[in-house]
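**Q** Sharing a structure, written as structure tokens. Questions coming.
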Amino acid sequence: MSKPTPAEQVTQHIAKMTPQVAQTMQAIREVILETSPQIGEHIKWNSPAFYYTGEIKAFDAKEYKRDLVVYNLRKNGIIMLVFPTGATINDTTGILEGNYTDGRRIVTVTDITDLQNKKQALQTVIKQWLDLIEK
């Protein structure tokens, strides 16, 4: 029996959630992946995570330059999308929250309706992040 692919692992992880949370997580996943064909997915830090799959200039792994966003599921079913290097994004949408000293920024998604309201802004900041990658 072969090991599941990274995408299959994400699917399995989402399937373990309550139906409402799983629906929101899947919808977020689709929004992120449809933003660019250069975004891949896997499980990292025990959660679905998305990263840049293309060529990139050499960097220190602790800089997380390939890591785009990782889910952080709150006990109340709210999903925080953590952008490890979000502070580098010139967020013209105002969607990124927080001012963490380690450079993280957050987008909070409460449910499908909230995601629909934030979809365009979320895709805009993802594209802005992709533009910053040193190739």
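**Q** In Å, the Kirkwood hydrodynamic radius of the chain over pairs of distinct alpha carbons?
**A** 15.2 Å
**Q** Any idea what the relative contact order of the chain is, in percent, if you count C-alpha pairs under 8 Å spaced at least 6 apart?
**A** 22 percent
**Q** What nm distance separates the two modelled labels at His42 and Gln120, each placed 7 Å from Cα along Cα→Cβ?
**A** 3.5 nm
**Q** For the cross-link pairs Lys16/Lys44; Lys16/Lys75; Lys75/Lys118; Lys3/Lys135; Lys16/Lys119; Lys44/Lys118, which exceed 26 Å when the distance is taken from alpha carbon to alpha carbon?
**A** With Cα atoms farther than 26 Å apart: Lys3/Lys135.
**Q** Could you tell me the calculated FRET efficiency between Met1 and Leu33, based on Cβ-Cβ distance and R0 = 25 angstrom, to the nearest 0.05?
**A** 0.40
**Q** Then there is this: How many percent of the accessible area of the stretch 1-125 is carbon or sulfur, using a 1.4 Å probe?
**A** 50 percent
**Q** Further, regarding this structure: Hey, for a label at Ile112 modelled as a point 7 Å past Cα toward Cβ, could you say which residues of the stretch 17-52 have their backbone N under 12 Å away?
**A** So the set is 19-28.
**Q** Choose one of Thr24, Thr113, Ile89: the residue whose Cα lies farthest towards the positive end of the charge dipole of the chain (beta-carbon charges +1 Lys, Arg; -1 Asp, Glu; about the Cα centre).
**A** The Cα lying farthest towards the positive end belongs to Thr24.
**Q** Now a separate question. Report the label-to-label distance for Asn72 and Ala58 in nanometres (one decimal), using points 7 Å from each Cα along the Cα→Cβ vector.
**A** Going from the Asn72 label point to the Ala58 one covers 3.2 nm.
**Q** Probe 1.4 Å, all protein chains in place: accessible area of Ser2 in Å², nearest 10?
**A** Looks like 100 Å² after rounding.
**Q** Oh, and also: Could you work out the helix-only [θ] at 222 nm for the chain, with each DSSP H run of four or more residues adding -39,500 (n - 2.57) and the total divided by the number of residues, to the nearest 500 deg cm²/dmol?
**A** Value at 222 nm, helices only, nearest 500: -12000 deg cm²/dmol.
**Q** Next question, about the same structure. Please list 3J(HN,Hα) in residue order for the stretch 99-113, calculated via the Karplus relation 6.51 cos²θ - 1.76 cosθ + 1.60 where θ = phi - 60°; whole Hz, with x for glycine and proline.
**A** Taking θ as phi minus 60°, the curve returns 9, 7, 5, 8, x, 5, 9, 10, 10, 9, 10, 8, 5, 4, 4 Hz for the stretch 99-113.
**Q** In addition: With a 1.4 Å probe and every protein chain left in place, work out the accessible area per residue of the chain in Å², rounded to a whole number.
**A** Computed with neighbouring chains in place, this is 58 Å² per residue.
**Q** Just how much of Glu34 is accessible, in Å², when a 1.4 Å probe is used and the result is rounded to the nearest 10?
**A** 110 Å²
**Q** Then there is this: Taking the simple approach of a point 7 Å from Cα along Cα-to-Cβ for both Thr92 and Gln12, what is their distance in nm?
**A** Using points 7 Å along Cα→Cβ, the separation is 4.2 nm.
**Q** Okay, moving on. Using modelled amide H (1.01 Å from N, peptide plane; none on Pro or chain starts), what sits under 5 Å from the amide H of Thr108, excluding residues fewer than 5 places away?
**A** Excluding prolines and chain starts, which carry no amide H, the hits are Leu81.
The values are calculated or read from the model by the stated rules, or taken from the named source; none is laboratory data. From a predicted model like this one, the values you see are computed outputs, not experimental measurements. Please note: Cβ atoms are built from the backbone with ideal geometry, for glycine as well, and neighbour counts cover all protein chains shown. For accessibility, only protein heavy atoms count, side chains too; no ligands or nucleic acids. Shrake-Rupley method; radii C 1.70, N 1.55, O 1.52, S 1.80 Å.
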